[in-house]
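Participant: The following block contains the structure, expressed as structure tokens.
The values are calculated or read from the model by the stated rules, or taken from the named source; none is laboratory data. Worth saying up front: this structure is predicted, and the values here are computed from it rather than measured. No Cβ is skipped: glycine too gets one built from the backbone with ideal geometry, and neighbour counts run over all protein chains shown.
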Ligand SMILES: Nc1ncnc2c1ncn2[C@@H]1O[C@H](COP(=O)(O)OP(=O)(O)OP(=O)(O)O)[C@@H](O)[C@H]1O
Ligand SMILES: [Mg+2]
């Protein structure tokens with residue numbers, strides 16, 4: 001059985017979904033001719049210009065480029081937080097730019113996870129780690145038992161923190177828990193904007209090891225970073241310069 005088939009198989013710690021057993025096909029996300037301009041009273045700033053790209057499943061894609069090149073803007077479009085002004089954005093084969101607000105929220109909830117830079121912002125303060133993972137799965141329509149949640153936490157080296165609330169976890173442990181919540185329930189895409197920016201070296205390396213491990217299970221990760229340790233786990237790169245994709 002391939003890793004992506006195992007991802008959705010019954011009893012998998014990443015969650016049993018309605019489509020259990022059916023491996024997802026097609027890219028996690030795609031953009032075609034995407035443009036995004038921020039307009040203020042004084043000026044219009046073109047942040048993304050004619051961006052065409054795909055983000056594959058089961059891979060770690062890293063968005064690189066100088067400060068101001070449009071990395072965060074691209075990630076917010078892929079995470080369905082913002083809309084493009086022009087062009088097409090698809091997640092798991094569905095055109096996000098054409099959806100109305102409610103359908104876009106549903107697609108985002110089921111198919112996309114967005115990790116904030118500050119680990120604590122990804123988590124609810126009153127739930128322990130098992131509860132966070134189970135809630136994240138439930139929001140995606142997947143059933144995850146306490147045992148499955150514990151197995152996933154174990155895989156991320158958090159087995160002995162399963163009953164801890166976020167305030168009782170270190171920053172690196174919080175970010176690994178956020179990664180667990182991101183992948184549980186088999187979304188197509190996990191988006192993380194500079195996920196190691198707030199972590200020390202050891203914590204960053206454990207978070208990145210977790211990302212690399214879980215990408216093999218089928219989800220497409222797209223990360224932005226200036227951090228060479230993030231680049232070291234990349235299966236592919238998207239290079240941006242002044243809002244345009246630079247051919248590699
Ligand atoms: N809300 C906004 N209003 C106006 N301009 C914005 C806004 N957000 C971003 N920009 C501008 O859009 C361009 C792209 O910004 P973006 O944040 O996507 O870059 P980035 O590659 O993530 O940079 P960094 O590496 O510094 O995080 C920049 O010129 C920025 O100043
Ligand atoms: Mg940025």
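Participant: Could you check residue 236 against (1) surrounded by 15 or more Cβ atoms within 10 Å (Cβ to Cβ); (2) under 16 Å from the mean Cα position of the chain (by Cα) and say which number it fails?
Facilitator: (1)
The rows are residues; the columns are (1) modelled with pLDDT under 95; (2) within 22 Å of residue 133 (Cβ to Cβ); (3) away from ligand 2 (no atom under 16 Å from the Cβ).
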{"residue": "1", "(1), (2), (3)": "yes, no, yes"}
{"residue": "9", "(1), (2), (3)": "yes, yes, yes"}
{"residue": "14", "(1), (2), (3)": "yes, yes, yes"}
{"residue": "17", "(1), (2), (3)": "yes, yes, yes"}
{"residue": "57", "(1), (2), (3)": "no, yes, yes"}
{"residue": "60", "(1), (2), (3)": "no, yes, yes"}
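Participant: So which residues in segment 193-215 are within 16 Å of ligand 2 (Cβ to nearest atom) and touching a strand residue (DSSP E or B) at 6+ places or on another chain (Cβ under 8 Å)? Before the answer, list the steps.
Facilitator: So the first thing to find is which residues in segment 193-215 are within 16 Å of ligand 2 (Cβ to nearest atom), and the list is 193-198.
Residues satisfying the conditions are 193, 194, 195.
Participant: Out of curiosity, is residue 77 closer than 25 Å to residue 227 by Cα and within 16 Å of ligand 2 (Cβ to nearest atom)?
Facilitator: Yes.
Participant: Restricting attention to segment 92-119, which residues are away from ligand 2 (no atom under 16 Å from the Cβ), buried (at least 21 other Cβ atoms within 10 Å of the Cβ) and either under 12 Å from the mean Cα position of the chain (by Cα) or farther than 16 Å from residue 182 by Cα (or both)?
Facilitator: 96, 111, 112, 113
Participant: If you go through segment 157-178 one residue at a time, do you hit one that is surrounded by 16 or more Cβ atoms within 10 Å (Cβ to Cβ), away from ligand 1 (no atom under 16 Å from the Cβ), assigned to a helix (DSSP H, G or I) and touching a residue at least 60 places away in the same chain (Cβ under 8 Å)?
Facilitator: Yes - at least one qualifying residue is present in segment 157-178.
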